[in-house]
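Laboratory data are not the source of any read-out in this text; all were calculated from the coordinates shown. The shown structure was predicted, so the numbers you read here are calculated from the model rather than taken from an experiment. Quick reminder, even Gly has a Cβ in these numbers, built from the backbone with ideal geometry, and neighbours come from all protein chains shown.
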Amino acid sequence: MSEETTIYVADRIVTMNPSRPEASAVAVRDGRVLGVGSVAELEGWGNATIDERFADHVLLPGFVEAHAHSMAGALWSYPYLGYYGRDSPDGTHWPGCRSVADVLDRLSLQRRRGQRAVRRRR
């Protein structure tokens, strides 16, 4: 375990704590948030390095977004073959493929349009 503490200064830190909804700095040690507040308040954690790389940013310390579909946009270069209908990033609605026949029809359509159904590795 490291005893090094880093105090990150930010334009605004959203704490999600009703008793202190915002702060200007957050203290971190070993990847864990020790506290939020002002730099003066957080210096009580001992020797600390002040890091201002986020001085013009808003931070949400400890926030873990556990349900992003971050790869969904990257996969739209392939035909959509899912069971439920979806809208692509360009706004096109793709009805769901409810059967093997629907999947084969969608792949045939892509082939007729000159779009490769599966990209080959080079």
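Couplings 3J(HN,Hα) for the stretch 46-51, derived from phi with the Karplus relation 6.51 cos²θ - 1.76 cosθ + 1.60 (θ = phi - 60°), are x, 3, 9, 9, 8, 10 Hz, where x marks Gly and Pro.
The chymotrypsin sites (Phe, Trp or Tyr not before Pro) of the stretch 1-109 that meet both conditions, a loop assignment by DSSP and at most 11 other Cβ atoms within 10 Å of the site Cβ, are Phe63, Tyr83, Tyr84.
If R0 is 41 Å, the Cβ-Cβ spacing of Asp90 and Glu3 corresponds to a FRET efficiency of close to 0.20. Taking amide H as placed 1.01 Å from N in the peptide plane, the amide H of Leu59 sits under 5 Å from that of Arg12, Ile13, Val14, each at least 5 places away or on another chain. Between the labelled values (i) 11, 28, 15, 11, 19, 14, 2; (ii) 12, 28, 25, 16, 10, 5, 3, 1; (iii) 13, 35, 24, 15, 10, 4, 0, the entry that holds P(r) over Cα pairs in 10 Å bins from 0, in percent as derived from this structure is (i). Can you tell me the 0 to 90 degree angle between the C-alpha axis of helix 100-112 and the longest principal axis of the chain, rounded to 10? Approximately 90 degrees, to the nearest 10.
Please state the charge dipole magnitude for the chain, taken about the Cα centre, from unit charges on C-beta atoms (+1 on K and R, -1 on D and E), reported in debye and rounded to the nearest 20. Rounded to the nearest 20 debye, it is 1560 debye. Please state the shape class of the stretch 5-59: rounded when a/c is under 1.5, otherwise prolate if a/b exceeds b/c and oblate if not, all from the C-alpha gyration tensor. It comes out oblate by the Cα gyration axes.
Note on Arg29 and Ala68: their simple-model spin labels are 2.9 nm apart, each label 7 Å out from Cα toward Cβ.
In the chain, which longest range has no GluC sites (Glu not before Pro) that are both DSSP loop (not H, G, I, E or B) and surrounded by at most 12 other Cβ atoms within 10 Å? Answer - 5-64. Stretching the chain fully between Asn17 and Ile50 yields a gain of 9.5 nm (0.36 nm per residue, less the alpha carbon separation).
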